[in-house]
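Structure first, commentary second.
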Amino acid sequence: MNKRRLLVIAAGIGVFAYLWQLAIRASTMNDLYAGIIFNANLNFDFIQYFLFAVATLGFMGVGETFGRNFGIYVLVRNRSTFKMFLQFLWKAIKYTTFFEFTKVLVFGVVLVITSGKFDFADVGSFFYLLVMNYLFLLNIVAFEMFMEILVDSKIAIYATQVFLLGSIFVADTINRLSNYQSFGVLILLNSTMNNRMELLKDSAASVYVLAPIVQIFFFSIMCLFCVFKFRRKDWI
């Protein structure tokens, strides 16, 4: 991934950080992960969706390139589809790490500029949600890469956007059905937002334990799909 694309991604994160700070009048770093309440105003939905759109559009084409060019080189060199999968996984991890680190850094800078201070409301909660956001983004990036290898980058980006928008709609729908509110923990997006986790903990006492398990479970399933696809794909 070239430097120009990384700079564009960082700029997109900057736009999000500024809009989000204005929207919620952020005063601490914890506000970065406050997220949107259920059935929120569409303006808040748009700002959060914009962040994920930057993440997915910034990674667009990497999986396709891996599947058609670089992946073949890795296979010829290592003679192992599993080692190819590890290369695939490493690309996803590197990008996710860059994106989440940049998000925290840029939001911190914007917070200092707009509020004149840098503070945490709750350090433990901040790092918990940082991990949840990292795992969620890793799931999304892995899904996008898998779809690009399976079909192509255009269909992959459409599928990813449908998944993201659908997550918001389904989560809001489940929340309206109060008898099934505890199932909200199964929606990966919910565990990235403190405002939603605070509500879910009232209906699922172990939500803070279940959330990372659900994230890791989905990521494990995605990895199994990738390994299976690599073994079955005709790379020649």
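The values are calculated or read from the model by the stated rules, or taken from the named source; none is laboratory data. In this text, all values refer to a predicted model and were calculated from it rather than measured experimentally. Cβ atoms come from the backbone with ideal geometry, glycine included; neighbour counts cover every protein chain shown. Accessible surface is based on the protein model in full, side chains and every heavy atom, while ligands, DNA and RNA are left aside. Shrake-Rupley method; radii C 1.70, N 1.55, O 1.52, S 1.80 Å.
Remarks
- Single residue of L111, L86 found to be of a type outside the set (D, E), modelled with pLDDT under 95 and within 17 Å of I13 (Cβ to Cβ): L111
- Screening S27 on (1) among the polar types (S, T, N, Q); (2) in a helix (DSSP H, G or I); (3) surrounded by fewer than 20 Cβ atoms within 10 Å (Cβ to Cβ) shows it passes everything except condition (2).
- Check on V104, in a helix (DSSP H, G or I), more than 13 Å from the chain's Cα centre (by Cα), surrounded by fewer than 19 Cβ atoms within 10 Å (Cβ to Cβ) and modelled with pLDDT of 85 or more: yes
- In segment 112-125, the residues that are more than 29 Å from Y208 (Cα to Cα) reach residues that are modelled with pLDDT of 85 or more and exposed (fewer than 13 other Cβ atoms within 10 Å of the Cβ) with C-beta atoms within less than 7 angstrom, at least six apart or across chains, in these pairs: V112/F118.
- Comparison of V131, V109 shows that the only residue that is assigned to a helix (DSSP H, G or I), of a type in the set (V, I, T), open to solvent by 30 Å² or more (accessible area, probe 1.4 Å) and under 17 Å from M193 (Cα atoms) is V131.
- Hey, V185 under 16 Å from the mean Cα position of the chain (by Cα), closer than 30 Å to T28 by Cβ and β-branched (V, I, T) or not: yes
- G116 being assigned by the TED database to the domain that holds F228 and modelled with pLDDT under 85: yes
- Restricting attention to segment 18-52 and to residues that are in contact with a Gly (Cβ under 9 Å, 6 or more places away or on another chain) and at pLDDT 90 or above, the residue that is nearest to A142 (Cα to Cα) turns out to be L51.
- Condition check for V170: β-branched (V, I, T), touching a residue at least 12 places away in the same chain (Cβ under 8 Å), out of contact with any helix residue (DSSP H, G or I) (no Cβ under 7 Å at 6 or more places or on another chain) and not in a loop (DSSP other than H, G, I, E, B): yes
- Residues that are surrounded by fewer than 16 Cβ atoms within 10 Å (Cβ to Cβ) and either assigned to a helix (DSSP H, G or I) or not charged (D, E, K, R) (or both) within segment 184-217 comprise E198, A205, S206, V209, P212, I213, I216, F217, listed in sequence order.
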